[in-house]
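The values are calculated or read from the model by the stated rules, or taken from the named source; none is laboratory data. For clarity, every value in this text was computed on a predicted model and none was experimentally measured. Reconstructed Cβ throughout: ideal geometry from the backbone, glycine too, with neighbour counts over all protein chains shown. Remember, those area values only see protein heavy atoms, side chains included, never the ligands or the DNA or RNA. Shrake-Rupley method; radii C 1.70, N 1.55, O 1.52, S 1.80 Å.
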Amino acid sequence: MRPTFSDITIVIALELIGAILLRFFLLADDWRIVGGILLLFCAGFAVMQFRSDWESRIGDAFNRGTRLAVGLAILLVLLFPLALNGNTYALHLLIVSQLYAVLAIALNFQLGSANIPNFATGASYGIGAYVSALLAIHFNVNFWLALPAAAVAATAFGFLLGVPSMRTRESYLALVTIAFGVVIHQLLNNFDWTGGPNGLVGIPAPSLFGHSFASPIVIGGIKLPSQANFYYLSAVLVGIAIISAQRLHGSRIGLAWNALRADELAARCQGINVIWYKVLAFAVDAFLAAFAGTIYAFYISFISPDNFTFLVSVTIMTMVIVGGMDNIFGVIVGAFLLTMLPEKLRAFSDYRILFFGIVVILFLMIRPEGLFPQRLRRYGGSE
Amino acid sequence: MSGHAVLRGEGLTIRFGGLVAMDGVDFVLQAGEILGVIGPNGAGKSTLFNLITGLYQPTAGKVFLNDRPLNGLPAHRIVQMGISRTFQSSRLFTDLSVLDNVIIGMHCRTQSGVFDAMLRPSKARGELRQAAAKAGELLRSVSAGLYDQRGRAASELAQADRRRLEIARALAAEPKVLLLDEPSSGMDDRDTDALIADVRAIIARRPELSIMIIEHDMRLVAELPHRVMVIEYGRKIAEGSFADIRNMPRVQEAYLGRKATAHA
């Protein structure tokens, strides 16, 4: 179906408003401006809560104008660093947000699609970071080779975690993954070859076609700080994560995951090999998390076990719950919000954990499906 | 009825600790036959279905599908081999659309794996689109009303339509044997009549399909099955046509209790 004029207007307006708000949010120093933007955001959702017809109107507009929406989004992502007045801290926040977005999408395969409470995403993230960092430091492996190697290693760990987890369910499954996360953290802390609590330092910056990621980007007289390299790199990773998530969600595999989320016994009786699909969810989660870990390691150039604690896993889980289970766009929004908010509200940083706890409880009470709920699948032309 | 045994159980026994839930049950299901399974609550009728579909592994005894033993196979393999079922309390995927429920029923008749989905999305999507078209056809053949609601979430369906959807989902796996576990439970007389008509329409299209049906509603048991077997305390106590069964003292005892029949 071709988008109508009002579809186009809705898509363009919403994306521009989103980008502009994000810019002011990032550059705001005053907590009152931050609070104001947050209030605006909350008001938007309150309206959605009461006017579900608007919500579906917007949904339809994006459905019909998908190409325009994606094209404009890519353009905005490309141009966004130009609007930040060379503020490197804002860029840093964006990079971390994007990496968390990838982690949240990774966890969404499990928590959102298949309802597997995996508290070990932080561990997979860490394994990815350490494997690539070790390869780079000791074997001079460059970033582009370390990336897939780390992903393969983490996926293997994902299988390793998935197989014993299959003997347990629900709360017990959660406990197994918590234990796994803690064990990985302790191992990283105690092995000599991982640098112990000191971690690994001096991870070399990647380079592409002779351009080092440690140097600024200069195009036609416009100079962007070196962080912009990693901003674009992580944006590409988010793109890859979105495409993978959509392809899996829109396939027989996504359906099988949803089936076992709704009713595991009934899923078995439809011919779904439940164990295989659960292990698969672990593997996919680990695969994507390792990508994020690798980029993180090469970006910060220093990693330690404290970057990959149990708390990281809890944070990622909060992002998925807040954003919307099994809604890709939702979990990205959740990741951005929960990465930036604690940074912007530094004054209250002592209460960070309390804040996460309250947010999760509020969401489970008021909007249990998250900011952006899952939508039913549609098949071309059949409806 | 074309007289060869599609599904056969020999001495099926299962113990849960000290409890013998099923004790040496033999049965045969012919191609194109409808076999009714009746018995008081807790007699072991659903246990029998769980044994056939691989949800339980029998302590002793064997199940054969077309003379191939099924023992030890996991539930999802047994579906693939051609035995589908519905559940006593409907177990739909309530947060998915009606159409998706049927497409999931086709899981073992579709192929795409992870690598297809990620690297050859056009192939995976094409397969799913075909499945969606087929699922639509199947829904239409089971019930036009259900087909019209195919885009809605399964949780929004009325009770009778939930039953229909569960049957449609089971048929999506292209089974040789269909096990219906109390399809009329929670239905009024009118819905039950509609259900009988639905099942008749299904077998009219699929003369080779064999059906086992657990029922309490005697109207349905009188109308649909060719043969009925009666289970009590995990044992088969009688088997035959409904007309013969209903007059057997043992069967009346099982249903009404010993005293009631003694007084009668």
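Quick notes on this one:
- Once the Kirkwood radius over Cα pairs is known for chain B, the Stokes-Einstein relation at 25 °C and 0.890 mPa s delivers a diffusion coefficient of 126 µm²/s.
- Solvent-accessible surface (1.4 Å probe) assigned to A:ASP192 amounts to roughly 150 Å².
- Subset of A:LYS278/B:LYS62; B:LYS45/B:LYS176; B:LYS62/B:LYS176; A:LYS278/B:LYS45 violating a 26 Å alpha-carbon distance limit: A:LYS278/B:LYS62; A:LYS278/B:LYS45
- Taking all protein chains into account, the per residue accessible area for the range A:1-85 stands at 65 Å² (1.4 Å probe).
- Surface composition of the range B:94-156: carbon and sulfur make up 51 percent of the accessible area, probe 1.4 Å.
- For the range A:248-349, a/c is not less than 1.5, where a ≥ b ≥ c are the root eigenvalues of the C-alpha gyration tensor, and a/b tops b/c. That puts it in the prolate class.
- Per residue, in Å², the accessible surface of the range B:1-122 once ligands and nucleic acids are set aside, probe 1.4 Å: 38
- Legend: mean number of C-beta atoms from other chains within 10 angstrom of residue C-beta atoms, peptide B:69-80, equals 3.
- Per residue, the convex hull spanned by the Cα atoms of the range B:1-155 amounts to 168 cubic angstrom.
- A:ARG375 accessible area, 1.4 Å probe, all protein chains in place, Å² to nearest 10: 110
- Part-to-part distance (alpha-carbon centres) for the range A:119-157 and the range B:93-167, which is given in Å: 39
- Estimated D of the range B:51-140 in µm² per second, where Rh is the Kirkwood radius over Cα pairs and Stokes-Einstein applies at 37 °C, 0.692 mPa s: 215
- Here the range A:86-366 has an Rg and Dmax of 18.6, 63 Å, counting Cα atoms alone.
- The range A:58-164 - Rg and Dmax from Cα coordinates, angstrom: 18.0, 52
- Formal net charge of residues neighbouring A:LYS278 (Cβ-Cβ distance under 13 Å; K, R +1; D, E -1): +1
- Summed over both chains, the area buried between B and A is near 3300 Å², taken from the accessible surface of protein heavy atoms with a 1.4 Å probe.
- The share of C-alpha pairs in the range B:94-156 whose separation exceeds 17 Å stands at 43 percent.
- Mean Cα-pair separation over length for the range A:1-85, i.e. relative contact order, pairs under 8 Å, 6 or more apart, %: 56
- Accessible surface of A:ILE178 - all protein chains present, 1.4 Å probe, nearest 10 Å²: 50
- Rounded to the nearest 0.05, the FRET efficiency derived from the C-beta distance between A:ALA347 and B:ARG129 at R0 = 60 Å is 0.70.
- Summed over qualifying helices (DSSP H, 4 residues or more, each -39500 (n - 2.57)) and divided by its residue number, chain A shows a 222 nm mean residue ellipticity of -23500 deg cm²/dmol.
- Within 10 Å of the Cβ of each residue in B:51-58, the mean number of Cβ atoms contributed by other protein chains is 1.
- The mean sequence distance of close C-alpha pairs (under 8 Å, at least 6 residues apart), as a share of the length of the range B:168-221, puts its relative contact order at 51 percent.
- Magnitude of the charge dipole, the range A:1-85, Cβ model with Lys/Arg +1 and Asp/Glu -1, debye to 20: 180
- Contact order relative to length of the range A:267-383, as percent, for alpha carbon pairs under 8 angstrom and 6 or more apart: 24
- Global geometry of the range A:1-85, whether rounded, prolate or oblate, following the gyration tensor of its Cα atoms and the 1.5 cut on a/c: oblate
- Kirkwood Rh in Å, taken over the protein assembly as shown so that all alpha-carbon pairs contribute: 27.6
- Here is what passes the span test in chain B: the DSSP H helices with alpha carbon length of 20 Å or more along the helix axis and a Kyte-Doolittle mean of 0.0 or above are B:189-205.
- Residue-by-residue Karplus 3J(HN,Hα) for the range A:365-372, coefficients 6.51, -1.76, 1.60, Hz, glycine and proline x: 7, 8, 9, x, 7, x, 4, 10
- List B:HIS4, B:HIS107, ordered by accessible area with a 1.4 Å probe, largest first: B:HIS4, B:HIS107
- Accessible surface of chain A [probe 1.4 Å, protein heavy atoms]: carbon and sulfur percent: 69
- Residue order for B:GLU182, B:GLU223, B:GLU253 - accessible surface, 1.4 angstrom probe, largest first: B:GLU223, B:GLU253, B:GLU182
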